[in-house]
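*Asks:* So that we are looking at the same thing, I have put the structure below in structure tokens.
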Amino acid sequence: MLRNTPLALAFHAVLVTFVMAPLVVVSLVAFTAESYLALPWSGLSLRWFRSVFADREFLASAWISIEVAAFTATLGVALALPAVLAIGRYQFAGRDAVNALLLAPIPVPGIVLGVTFLRFMTQIGWNGTVAAMIVCHLIVTIPFVVRILLAAIIGLDKSLPQAAQSLGASRLAVFRRITLPMLASGISGAWIMAFLLSFDELTVAIFVASTSVKTLPVWLFEKISWGLDPSACAASVLIIAGTFLAMLILDRIYGLERLLVGKSAES
């Protein structure tokens, strides 16, 4: 049985501290009673949380972020799945070109994509709309959806679909009853990844946002650009808490290991 050495344990402790320290500091500052970033505080207060909930712009931005991320993740999986099934299971002319096209946005800097989207959306009259935000987020996130789905399809046991077809099942029945359930964990993982990437996207969102349509990262960016106060920390704490609660609910209802890896909790 392998055991961690003291050096490995020390490295893990430093790494966890390095990752968690900013989150802990932000969370502590959010409860300050001062009108500026202060740690330690002179007293505990929920004033900045009340301030955030009273901010209609924050609530509108949060809803737009959720809406855009949900549509982006759903459309990304729906559009990528047929292409990835073809790439992962069949040989055809232009296969590598299609794969390269789907992955093309990855090496392009976000600011270049943002300027391009701004120009294009302005030309067609979409800039500053929710539809433009969804389209731009879709292009940015779909390469990651493709990679996750492609990994799931490559690892798929091909004998079961072939056996079903040999017994007379139609291709649609094989896909619906065998292939799709076998890909459930990959599809779930791709959807969650696309949702998180879209929800967290800032560089591209800044270029296509408007005064009435802005995502939560854009709202936070504007907040800290014009003057940093503890309300930004309070909003960050709410995002962290919401993410943790969502993951906890998923784990209780379905199981994160089963959802993302495809294993049952008992295995």
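*Asks:* Given the options Thr5, Thr74, Thr32, name the one that is surrounded by fewer than 16 Cβ atoms within 10 Å (Cβ to Cβ) and touching a Phe, Trp or Tyr at 6+ places or on another chain (Cβ under 9 Å). Break it down stepwise before answering.
*Replies:* On the way: Thr5 fails: touching a Phe, Trp or Tyr at 6+ places or on another chain (Cβ under 9 Å); Thr32 fails: surrounded by fewer than 16 Cβ atoms within 10 Å (Cβ to Cβ).
Answer to the check: Thr74.
*Asks:* While we're looking at this one, here's another question. So which of Leu39, Leu59 is in contact with a Phe, Trp or Tyr (Cβ under 9 Å, 6 or more places away or on another chain) and free of Cβ contacts under 8 Å to residues at least 60 places away in the same chain?
*Replies:* Numbers: Leu39 fails: in contact with a Phe, Trp or Tyr (Cβ under 9 Å, 6 or more places away or on another chain).
Matching residue, one of Leu39, Leu59: Leu59.
*Asks:* Among Ser61, Ser42, which is open to solvent by 50 Å² or more (accessible area, probe 1.4 Å) and of a type in the set (Gly, Ala, Ser)?
*Replies:* Details: Ser61 fails: open to solvent by 50 Å² or more (accessible area, probe 1.4 Å).
Of Ser61, Ser42, the one residue that is open to solvent by 50 Å² or more (accessible area, probe 1.4 Å) and of a type in the set (Gly, Ala, Ser) is Ser42.
*Asks:* Can you name every residue in region 86-129 that is among the polar types (S, T, N, Q), open to solvent by 70 Å² or more (accessible area, probe 1.4 Å) and in a loop (DSSP other than H, G, I, E, B)?
*Replies:* Of all residues in region 86-129, those among the polar types (S, T, N, Q) come to 91, 99, 116, 122-123, 127, 129.
Then keep just the ones that are open to solvent by 70 Å² or more (accessible area, probe 1.4 Å); that gives 91, 116, 122-123.
Once the filter is applied, which keeps residues that are among the polar types (S, T, N, Q), open to solvent by 70 Å² or more (accessible area, probe 1.4 Å) and in a loop (DSSP other than H, G, I, E, B), region 86-129 yields only Gln91.
*Asks:* In the set Phe195, Phe221, Phe207, Phe199, which member is at pLDDT 90 or above, surrounded by fewer than 20 Cβ atoms within 10 Å (Cβ to Cβ) and not basic (Lys, Arg)? Steps first, please.
*Replies:* Working: Phe195 fails: surrounded by fewer than 20 Cβ atoms within 10 Å (Cβ to Cβ); Phe207 fails: surrounded by fewer than 20 Cβ atoms within 10 Å (Cβ to Cβ); Phe199 fails: surrounded by fewer than 20 Cβ atoms within 10 Å (Cβ to Cβ).
Going through Phe195, Phe221, Phe207, Phe199 in turn, just one is at pLDDT 90 or above, surrounded by fewer than 20 Cβ atoms within 10 Å (Cβ to Cβ) and not basic (Lys, Arg): Phe221.
*Asks:* Among the residues of region 1-12 satisfying the criterion of being in a loop (DSSP other than H, G, I, E, B) and not β-branched (Val, Ile, Thr), which is nearest to Leu39 (Cα to Cα)? Break it down stepwise before answering.
*Replies:* We begin by selecting, within region 1-12, every residue in a loop (DSSP other than H, G, I, E, B); these are 1-5.
Adding the requirement that they be not β-branched (Val, Ile, Thr) leaves 1-4.
Numbers: Met1: 44, Leu2: 42, Arg3: 39, Asn4: 35 Å.
Selected residue: Asn4.
*Asks:* Give, as residue ranges, the helices (runs of 4 or more DSSP H) completely inside region 156-249 that count at least 1 residues that are over 24 Å from Arg119 (Cα atoms).
*Replies:* Fully inside region 156-249 and qualifying: 159-166, 171-174, 184-200, 216-226.
*Asks:* I would also like to ask the following. With respect to Glu34, is the statement that it is among the acidic types (Asp, Glu) and either under 30 Å from Thr179 (Cα atoms) or in a helix (DSSP H, G or I) (or both) true? Steps first, answer last, please.
*Replies:* Details: among the acidic types (Asp, Glu): yes; either under 30 Å from Thr179 (Cα atoms) or in a helix (DSSP H, G or I) (or both): no.
Answer is no for this residue.
*Asks:* Then there's this: Do the conditions hold for Val145, that is, is it buried (at least 19 other Cβ atoms within 10 Å of the Cβ) and in a helix (DSSP H, G or I)? Before the answer, list the steps.
*Replies:* On the way: buried (at least 19 other Cβ atoms within 10 Å of the Cβ): yes; in a helix (DSSP H, G or I): yes.
The answer is yes for Val145.
*Asks:* Given the criterion assigned to a helix (DSSP H, G or I) and either of a type in the set (D, E, K, R) or under 18 Å from Gly242 (Cα atoms) (or both), identify the matching residue among Leu28, Leu15. Please lay out each step first, then the result.
*Replies:* Working: Leu15 fails: either of a type in the set (D, E, K, R) or under 18 Å from Gly242 (Cα atoms) (or both).
Criteria check complete, one pass: Leu28.
*Asks:* Can you run down the residue pairs with Cβ atoms below 6 Å, 6 or more apart or on separate chains, where the first is in region 159-170 and over 13 Å from Met182 (Cβ atoms) and the partner is open to solvent by less than 50 Å² (accessible area, probe 1.4 Å)?
*Replies:* Sorted first by the residue in region 159-170, then by its partner, the pairs are Gln165/Val174.
The values are calculated or read from the model by the stated rules, or taken from the named source; none is laboratory data. Since we're looking at a predicted model, the values are computed, not measured. A quick note on method: Cβ atoms are made from the backbone with ideal geometry, for glycine too, and the neighbour counts reach across all protein chains shown. For accessibility, only protein heavy atoms count, side chains too; no ligands or nucleic acids. Shrake-Rupley method; radii C 1.70, N 1.55, O 1.52, S 1.80 Å.
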